[in-house]
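One structure below.
What follows draws every value from the coordinates through simple rules; no lab data is involved. All values derive from a computational prediction rather than experimental measurement. Ideal geometry is used to build each Cβ from the backbone, glycine not excepted, and the neighbour counts take in all protein chains shown.
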Amino acid sequence: MGHPRNDSIGYEGDTSKITSLDFKSLRLETVKGGKQSQLWHKLVCEFHYLGSSRIVGRQIKYMVFANNRPIACIGWGDASWHLKCRGEWIGWNVSQRSRKRHLIINNIRFLILPWVNVPNLASHIIARCSRTVIGDWEQKNGFRPVLLETFVDTSRFVGTCYRAANWIELGTTSGYAKSGSHHHNSQTPKTLYVYSVAKNFRGLLKGRGK
């Protein structure tokens, strides 16, 4: 989940504090382009700790609104190529990973806007969006994901909202990133969390079952 940066460049909307919300009244909307897409990118670039809204490949973005005020931004994209702890947990081989990795999608961005401080809001949004994105991804891309994943930078966060939404902690990444044919240690190791959305997810990821 993202925190605001200190070098804010000036969001022009309402930044008055929000400390309570009726969760049932919140709207989760798919970002489809135009002004809403511009707003999503602006908010994520401005207030997410990575300072970037970039998602490569297949993707779906959401915004959460309280009345007409944006309170959160969520972005999903293709899964990471190779993660040792994930591969061991699934029990798949290189061939299975190559053929079935697309059935995993990654919660690449999650931002609660910095003036919103509501207990349990983050876990509520993650749980709700985890249910919604499955059908939306299938409708957009033609296949249904069976597993969700995300990375938590434990130098900044402890992953409470994911655990509260019943995601499972699998392990820690090595911090290596691939550039061309080489790998280099250029990233902070992060904790991997996953959430299964199909009963037979292991069989499906290995090419068995329906």
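The table that follows gives values for the structure above.
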read-out	value
Per-region count, region 95-115, residues of a type in the set (Phe, Trp, Tyr) and within 16 Å of the chain's Cα centre (by Cα)	1
Qualifying residue in region 29-43 (condition: under 30 Å from residue 146 (Cβ atoms), of a type in the set (S, T, N, Q) and free of Cβ contacts under 8 Å to residues at least 24 places away in the same chain)	no
Checklist (1) among the hydroxyl-bearing types (Ser, Thr, Tyr); (2) buried (at least 21 other Cβ atoms within 10 Å of the Cβ); (3) part of a helix (DSSP H, G or I) applied to residue 98, failing item	(2)
From 52, 98, residue being touching a strand residue (DSSP E or B) at 6+ places or on another chain (Cβ under 9 Å) and free of Cβ contacts under 8 Å to residues at least 12 places away in the same chain	52
Residue within region 142-149 that is hydrophobic (A, V, I, L, M, F, W, C) and closer than 12 Å to residue 107 by Cα present	yes
Candidate set from region 54-67 (those that are farther than 25 Å from residue 118 by Cα and not aliphatic (A, V, I, L, M)); member that is surrounded by the fewest Cβ atoms within 10 Å (Cβ to Cβ)	57
Subset of region 30-53 (residues that are surrounded by 13 or more Cβ atoms within 10 Å (Cβ to Cβ) and under 27 Å from residue 143 (Cα atoms))	30, 31, 36, 37, 40, 41, 53
Complete set of residues in region 116-172 that are under 19 Å from residue 86 (Cα atoms), of a type in the set (S, T, N, Q) and under 16 Å from the mean Cα position of the chain (by Cα)	130, 150, 154, 166
Qualifying positions in region 7-28 - touching a residue at least 60 places away in the same chain (Cβ under 8 Å) and of a type in the set (Phe, Trp, Tyr)	23
